[in-house]
Structure formats: structure tokens, C-alpha cells
Amino acid sequence: MLAAGLAVPGLVRSSDGTVRWAPHLEWREVPLTQLVQDAIGIPTFADNDASLGAHAEWLFGAGRGVNELIYLNGGASGIGGGAIVRGLPLSGAHGYAGEFGQNRPGLHDSADRATLNGTLEDEVSRSRLLRSVGLEIADEPSLKAALHRSVDPAVTLEIERQQRVLAVALANAINVFNPERVVLGGFLATLLEWGYPLLPREIEASTVPAAWEGVSIYPAALGEDRLLIGAAELAFAPVLRDPMRIVES
């Protein structure tokens, strides 16, 4: 074992791996990489889970070979994301880029809003989908199967509402980044596949036409392993940078 990589659902400072804020874990200013490194005795690295998912999908999945990519991940802890710009991961000044879930989309119809001035991850929510089919917990395949089995009109209405809200947020991101491809992971992939191509049509309706030209939208290809693969790549990065140092040691 050469190193460990950690995918964290929160803001992780790139310089030292400190978790600045992980609201669903109720963590603030946690020196996670140092704690884990002290416990296991090997170099440890950490980053935001969705940023690592973006990196994994770009290297091995639905974003492979694409130089301009937006990735959004929907999970139990909310919505995060990442971007690849000119073939390089966009991390921001301190590693916090990609927090799409904290944006507040402006909606065409106020009736689509389920919260008062809520963020994207408040409005487009895995927990809301679970409640709609009467589940407390479920993995991604089980939730997808439950949604597709349901004949309750309320489930369809909730999915379509979330599609419309997500479409506005994605249109804003496409207008800003002008990507070649958008990749959606987790329950967001289920929203993409439901009634396809309903979601792309909603996105197109809110996007600047020139920015929309040539954009493709794909579900994540690496399944539930995408964040794990991203974390492994984070740990493997020092080997790639200097293989001889590892051999000599």
C-alpha cells in the first residue's frame, strides 16, 4: 500500500486536506487527512467526492477524451460537481470549485419551487425521491428500480418537477462553461434517463442557443464505483508524477 485517497462530501482545502465544511456530516475544520494518515501510517490525500467523481469519469468513463466537461453528482449528501477545462481539472484557488448544489436556480414557474429560496440540492433531492416511493434508504439501483416500478402519479410529478429545476441549473452551467459534454451521476442520471429526452429538451429551452450547440449529455458510466475510483486516482497521483521515487524507496 503506497497511499490512501478519501472522497469527502464537503469542502476540502487542497493544500492540506482539511475538511472546511461538510454539512451532512456536521464537520467544520476537521484535519481529516492528518487524522487518517496518523492512524494508518501511509500518505493520505482527500478531496471533494464529486470533484473526484468528475475526474474518474473524465479519465475512464463517460467523459473520456473530452476536454471541456461538466460533471454533477447526486447522492445522499446532496449535489456536487466538477469541471474539466481545456483538459485540466478546475479546482479553484483553494480546491472548492464545483459546488453546483449550493446555487439557487431562478425558476420559470414559482410552482416548481418546493422550498423557500432553496439551493439546487434542496430542490433536486434524493430524499424527496425516496419519500415519493415510500423508502427511507436505498442504493442507486434500488431507488431507480422503485421509481420505474411506481404507478403513482405523484411520483411522476415529483420527478418532472426535479427535472425542470435541474434543467435551469444545468443551462446556467452550460452558458458559463460552454462544455462539450455534461455527465450526470447518482440519482441525477436517473432524472436524465426518465422519459428521455425530456431533460435535454428542458435544458435546451433555457440555454443560449450558441452555447447549446454540440453539447451532449450522458449518464455516468462508472456506476457506484466512480467516487472510489476518483479517490484511488488521488492517492496514485504521486506515483504518476515521480515513478522512480517509489521504485527507489
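Assorted remarks:
- Global geometry of region 1-47, whether rounded, prolate or oblate, following the gyration tensor of its Cα atoms and the 1.5 cut on a/c: prolate
- Most mobile listed residue (219, 141, 200) in the chain, GNM with C-alpha springs under 10 Å: 141
- Convex hull (Cα only) mean projected area of region 134-249, reported in nm² to one decimal: 10.1
- Region 1-116: C-alpha gyration tensor shape, a/c 1.5 cut-off, then a/b vs b/c: oblate
- Computed helical MRE - 222 nm, the chain, DSSP H runs ≥ 4 contributing -39500 (n - 2.57), nearest 500: -13000 deg cm²/dmol
- Each listed q (0.14, 0.32 Å⁻¹) maps to a log10 I(q)/I(0) for region 71-113 from the Debye sum over equal C-alpha point scatterers, namely -0.44, -1.09.
- For region 192-234 and region 49-113, distance of Cα centres in Å: 10
- Label point at residue 241 placed 7 Å out along Cα→Cβ; residues across region 17-38 whose backbone nitrogen lies under 13 Å: 17
- For region 1-104, GluC sites (Glu not before Pro) are listed when DSSP marks them as loop and at most 15 other Cβ atoms sit within 10 Å of their Cβ; the list is 26.
- The GluC sites (Glu not before Pro) of region 134-200 meeting both criteria, a DSSP state outside H, G, I, E and B (loop) and at most 13 other C-beta atoms within 10 angstrom of the site's C-beta, are 136.
- Candidate values [x] 18.5, 63; [y] 17.1, 51; [z] 20.0, 60, label of the one derived for Rg and Dmax of the Cα atoms in Å: [x]
- Label-point separation in nm, residue 148 to residue 42, each point 7 Å along Cα→Cβ: 3.7
- Sorted by Cβ neighbour density within 10 Å, fewest at the top, the residues 30, 151: 151, 30
- Of the DSSP H helices in the chain, those whose Cα atoms cover at least 18 Å axially and whose Kyte score averages 0.5 or more: 153-177, 226-241
- For the chain, a Gaussian network of Cα nodes joined below 10 Å ranks 59, 192, 35 by mean-square fluctuation, and the top entry is 35.
- Looking at region 64-119, the trypsin sites (Lys or Arg not before Pro) that sit in a DSSP loop and have at most 10 other Cβ atoms within 10 Å of their own Cβ are 86.
Every number here is computed from the coordinates shown, using simple stated rules; none is lab data. Here the structure is a predicted model, which is why all the values come from computation and not from measurement. Glycine also receives a Cβ, built like all others from the backbone with ideal geometry; neighbour counts cover every protein chain displayed.
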